[in-house]
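What follows draws every value from the coordinates through simple rules; no lab data is involved. For clarity, every value in this text was computed on a predicted model and none was experimentally measured. Please note: Cβ atoms are built from the backbone with ideal geometry, for glycine as well, and neighbour counts cover all protein chains shown.
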Amino acid sequence: MDIDWAGLRASAYEAMLKAYAPYSRFPVGAAGWDGSAISIGCNLENVSYGLGLCAECVLAGNHRTRGGARLIAVSVCDSRGEILLPCGRCRQVLYEFGGKELLVDHPTGPVPLGDLLRDAFGPDDLAAGRT
């Protein structure tokens, strides 16, 4: 499957322009593709720092509300358009919607999320506790 990484990065950049980052002044945008459509998200800060939302979390919510299928590829960028890698929390959120096969934009080329989040806790782990 061909992924338009340039288009995905452009969508992440457009999302970044809508970020609400008055405290850190570090706007972030994220874009995800499910094979048919792109979903976007931007970071949303809060004066109570711990309540802020990362761009990837907003992306996941927007993707879910539009009825998107499993994510195939994700790109995240800063205000310069430079690729950013998701933090640990966001990797876990993205794992929920794309699994270990989800391709994450990386400066050296796309990397499967499973390589960035080894031995992740996922939905299959819950089944083991329901015996």
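Among the numbered conditions (1) part of a loop (DSSP other than H, G, I, E, B); (2) without any contact (Cβ under 8 Å) to a residue 12 or more places away in the chain, the only one that Leu126 does not meet is (1). Phe26 satisfies every condition listed in (1) in contact with a Phe, Trp or Tyr (Cβ under 8 Å, 6 or more places away or on another chain); (2) under 22 Å from Gly88 (Cβ atoms) except (1).
Kindly indicate the residue of segment 73-117 that is among the small types (Gly, Ala, Ser) and touching a strand residue (DSSP E or B) at 6+ places or on another chain (Cβ under 6 Å) and also farthest from Asn43 (Cα to Cα) among those meeting that condition. The selected residue is Ala73.
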